[in-house]
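**Q** Would you mind keeping the following structure in view while I ask a few things?
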Amino acid sequence: MFKELVVIDGVDGSGKSSVIKELSIKLGATIIESPSGEFRNIKHVFDNPIISQKSRYLFYLSCLVETSNLIEIELKRGKGVLADRYLHSVMAYPLAEKEDISFVSIDRLKLYIPFRTICLTAEDDIRINRIIKRDGKNEAIKAIERLEHIKKIDKLLKSWADFTIDTSNLVVNQTVNKIYEYLQAEGGL
């Protein structure tokens, strides 16, 4: 029985949401997204480009503390948790812009440590097409405009992950099966 925290990370269009939904069913796990709860309702304010990277980073760190608390509650109930993004995503965005994030000691936040972090990645054209299907052309245009920045984020996320899967030529259940097999081999099931 799955009773761990596994983070599914990746940039927009890599397949996280679709994979997490299917994987949660297969594992009987709870999905926790970050930001969650009330933080999700004000996320758009901090995602505005006029907001400083430092303010955005502090907002997302605050979200992580709340997310970590929710994760701990579920794990204490004996449930496994799949987190849709977590610490690595929060750190990758400012670091890709060469922002200094050392003004906050991550260790002091006392975040719940994941059993494994899995990064989903995909070729740029595949990601853009997925974003068009999900969010429409306007969001895809924004993604294209930020493509070089997104590539840097993707590279960081892959470098920090325990396991990376390129979802470009996979359907959702193939990706889910790869993750399931990986978790089995790692002793997480």
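**Q** Given the criteria of a type in the set (A, V, I, L, M, F, W, C), farther than 28 Å from GLU186 by Cβ and surrounded by fewer than 16 Cβ atoms within 10 Å (Cβ to Cβ), does VAL104 qualify?
**A** Yes, satisfied.
**Q** Among the residues of segment 92-133, how many are closer than 23 Å to LEU58 by Cα and without any contact (Cβ under 8 Å) to a residue 60 or more places away in the chain?
**A** Final tally of qualifying residues: 16.
**Q** So VAL171 clears everything in (1) aliphatic (A, V, I, L, M); (2) modelled with pLDDT of 95 or more; (3) surrounded by 15 or more Cβ atoms within 10 Å (Cβ to Cβ) except one condition, right? Which one?
**A** Every condition holds for VAL171 apart from (3).
**Q** Would you mind telling me which numbered condition in (1) surrounded by fewer than 21 Cβ atoms within 10 Å (Cβ to Cβ); (2) part of a loop (DSSP other than H, G, I, E, B) SER14 fails?
**A** (1)
**Q** Determine if segment 20-38 includes at least one residue that is closer than 24 Å to ALA143 by Cα and modelled with pLDDT of 95 or more.
**A** Yes: one or more hits.
**Q** On to the next question. Does ILE73 qualify as being part of a strand (DSSP E or B) and under 28 Å from LYS26 (Cβ atoms)?
**A** Taking the combined requirement at face value, the residue does not satisfy it.
**Q** Restricting the first residue to segment 46-74 and requiring it to be within 11 Å of TYR112 (Cα to Cα), which pairs with a second residue that is at pLDDT 95 or above and polar (S, T, N, Q) meet a Cβ separation below 9 Å and a spacing of at least six or different chains?
**A** Once the first residue is within 11 Å of TYR112 (Cα to Cα) and sits in segment 46-74, its partners that are at pLDDT 95 or above and polar (S, T, N, Q) give LEU70/THR30; ILE71/THR30.
**Q** Right, something else. Among the hydroxyl-bearing types (Ser, Thr, Tyr) and under 16 Å from the mean Cα position of the chain (by Cα): does that describe SER52?
**A** no
**Q** If I ask for residues that are in contact (Cβ under 8 Å) with a residue 12 or more places away in the chain, assigned to a helix (DSSP H, G or I) and touching a strand residue (DSSP E or B) at 6+ places or on another chain (Cβ under 8 Å), which ones from segment 22-45 would you list?
**A** Of everything in segment 22-45, those that are in contact (Cβ under 8 Å) with a residue 12 or more places away in the chain, assigned to a helix (DSSP H, G or I) and touching a strand residue (DSSP E or B) at 6+ places or on another chain (Cβ under 8 Å) turn out to be LEU23, SER24, LEU27.
**Q** Let me ask something additional. Among the residues of segment 137-176, how many are within 25 Å of LYS98 (Cα to Cα), part of a helix (DSSP H, G or I) and among the β-branched types (Val, Ile, Thr)?
**A** Number of matching residues: 4.
**Q** Could you tell me which numbered condition TYR112 fails, if it satisfies all but one of (1) surrounded by 16 or more Cβ atoms within 10 Å (Cβ to Cβ); (2) modelled with pLDDT of 95 or more?
**A** Failing condition for TYR112: (2).
The values are calculated or read from the model by the stated rules, or taken from the named source; none is laboratory data. Since the model is a prediction, treat every value here as computed from it, not as a measurement. Heads up, the Cβs are rebuilt from the backbone with ideal geometry, glycines too, and the neighbour counts pull from every protein chain shown.
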